[in-house]
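Worksheet: one structure, shown below.
The values are calculated or read from the model by the stated rules, or taken from the named source; none is laboratory data. Quantities reported herein were computed from a predicted structural model and do not represent experimental measurements. Here the Cβ is made from the backbone with ideal geometry for all residues, glycine too, and neighbour counts use every protein chain on show.
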Amino acid sequence: MKPLVSILIPAFNARSTLRDTLRSALDQTWNPKEIIVVDDGSADDTAAVAREFAPEGVIVLTQPHGGASSARNTAFSASSGNYVQWLDADDILAPDKTELQMRALDRCSDRAVLSSAWGRFWHRTSKAQFKPTGLWSDLAPLEWLLRRMEKDVYMQTATWIVPRPLAEAAGPWDTRLVWDDDGEFFCRVLLLSDQICFVPAAKVFYRVSGSQRISYIGDSQAKMEAKLLSIRLQIGYLMASHDSARTRRACVQYLQNALITFYPGRPDLVSAARGLARELGGELQDPRFAGKYAWMAAAFGPRFAKRAQAILPWIRWSALVGWDKAMHSLERLTRVP
């Protein structure tokens, strides 16, 4: 009998994207599957949109607003799948994503987690950009985690499929983490696994959706604090299980990469990060702004540059999404019947 895959979707004010996400989940060629949406106290009609798909078997739950981690925990508690596929309410799975990964289990151990390719898109998935990193291969979990820290790269949340016993052993998503909750959760999962099986033909489409996206930090004080807490927790997990010179160097580099997140507005968090690096035997350098933000920092100060970092990507996102939507509409109008 084929294993059941649970596709778990936290949703908050997601009415504009949820239909596409749910359709991609329902269109998965792998069966059996169950799809659970948790409306996390949305102020719009997200729950109503989700219930449109109830006749097709989608389970819809609602709860007071508690954040994405809380919604994921609720969905997991209600699920019964042998494997778990996490999916945010604005991202899209290729139709064969789950099937390709599940069929790869033949070459993986019982304690393996599966990952896939992922690409960013603005409006049309056909225009998604896939950019491989050092994480796009079969890897031992420790090597994967160290590469992520050393090279400042990551895997998108929906790329993973996790065996239920590993998800249960890792414990619930940390509801304190309003940012980088996935980094902390999958760090726990991977340290309990013995293999990462990468399936390059399986694809996730990661919607670039501006300042309201969970993964966008901007100048949110709560997200900055959550980021440092997540880093501290992950370093603790690694050091407890794999204390080595390379692990310490990788953890210091991880802190160095993240330092710009807190600088210059949160000197307390900068100081805390420096202190953590010293405990690991390292020393953090003053963060440097990259590209156009470097001359802004030189001309107008780091606070101006940091504010520009928060605003300019949103302006760019708005322009690119508008352009992509316009081109999509034009293509539909000019398409020959």
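Data for the structure
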{"read-out": "Residues being exposed (fewer than 15 other Cβ atoms within 10 Å of the Cβ) and either among the charged types (D, E, K, R) or outside any helix (DSSP H, G or I) (or both) - total across region 254-268", "value": "1"}
{"read-out": "Residue pairs meeting the criteria (Cβ under 9 Å; at least 6 apart or on separate chains; first assigned to a loop (DSSP other than H, G, I, E, B), in region 19-37; second at pLDDT below 95 and of a type in the set (Phe, Trp, Tyr))", "value": "none"}
{"read-out": "Test: Pro132 is more than 14 Å from the chain's Cα centre (by Cα), in a loop (DSSP other than H, G, I, E, B) and under 29 Å from Arg23 (Cβ atoms)", "value": "yes"}
{"read-out": "Test: residue in region 9-16 that is closer than 19 Å to Thr175 by Cα, without any contact (Cβ under 8 Å) to a residue 40 or more places away in the chain and surrounded by fewer than 24 Cβ atoms within 10 Å (Cβ to Cβ)", "value": "no"}
{"read-out": "Boolean, Ala47 is in contact (Cβ under 8 Å) with a residue 12 or more places away in the chain and within 24 Å of Lys2 (Cβ to Cβ)", "value": "no"}
{"read-out": "Matching entry among Val84, Val49, Val60 (being in the same structural domain as Phe198 (by TED's automatic domain parsing), outside any loop (DSSP other than H, G, I, E, B) and closer than 24 Å to Asp180 by Cα)", "value": "Val84"}
{"read-out": "Single residue of Ile59, Ile35 found to be hydrophobic (A, V, I, L, M, F, W, C), over 11 Å from Ala11 (Cβ atoms) and crowded, with 20+ Cβ neighbours inside 10 Å", "value": "Ile35"}
{"read-out": "Check on Asp91, in the same structural domain as Thr21 (by TED's automatic domain parsing), more than 20 Å from the chain's Cα centre (by Cα) and touching a residue at least 24 places away in the same chain (Cβ under 8 Å)", "value": "no"}
{"read-out": "Residue list for region 1-44, restricted to those being among the polar types (S, T, N, Q) and closer than 12 Å to Ser79 by Cβ", "value": "Ser6"}
{"read-out": "Residues located in region 116-129, provided they are closer than 12 Å to Ala202 by Cα and either loosely packed, with under 13 Cβ neighbours inside 10 Å or not polar (S, T, N, Q) (or both)", "value": "Ala117, Trp118, Gly119"}
{"read-out": "Any hit, region 277-284, residues being surrounded by 15 or more Cβ atoms within 10 Å (Cβ to Cβ), touching a residue at least 12 places away in the same chain (Cβ under 8 Å) and part of a helix (DSSP H, G or I)", "value": "yes"}
{"read-out": "Some residue of region 102-110 being over 27 Å from Ala140 (Cβ atoms), assigned by TED's automatic domain parsing to the domain that holds Ile196 and in contact (Cβ under 8 Å) with a residue 24 or more places away in the chain", "value": "no"}
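For (1) out of contact with any strand residue (DSSP E or B) (no Cβ under 6 Å at 6 or more places or on another chain); (2) charged (D, E, K, R); (3) in the same structural domain as Gly183 (by TED's automatic domain parsing); (4) outside any helix (DSSP H, G or I), each residue gets a yes or a no:
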{"position": "Gly119", "(1), (2), (3), (4)": "no, no, yes, yes"}
{"position": "His123", "(1), (2), (3), (4)": "yes, no, yes, yes"}
{"position": "Ser137", "(1), (2), (3), (4)": "no, no, yes, yes"}
{"position": "Leu142", "(1), (2), (3), (4)": "yes, no, yes, no"}
{"position": "Leu145", "(1), (2), (3), (4)": "yes, no, yes, no"}
{"position": "Met155", "(1), (2), (3), (4)": "no, no, yes, yes"}
{"position": "Ala158", "(1), (2), (3), (4)": "no, no, yes, no"}
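To keep it simple, each residue is scored yes or no on (1) at pLDDT 95 or above; (2) surrounded by fewer than 19 Cβ atoms within 10 Å (Cβ to Cβ); (3) assigned to a helix (DSSP H, G or I).
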| residue | (1), (2), (3) |
| --- | --- |
| Pro200 | yes, yes, no |
| Ala222 | no, yes, yes |
| Leu238 | yes, no, yes |
| Thr247 | yes, no, yes |
| Val252 | yes, no, yes |
| Val270 | yes, no, yes |
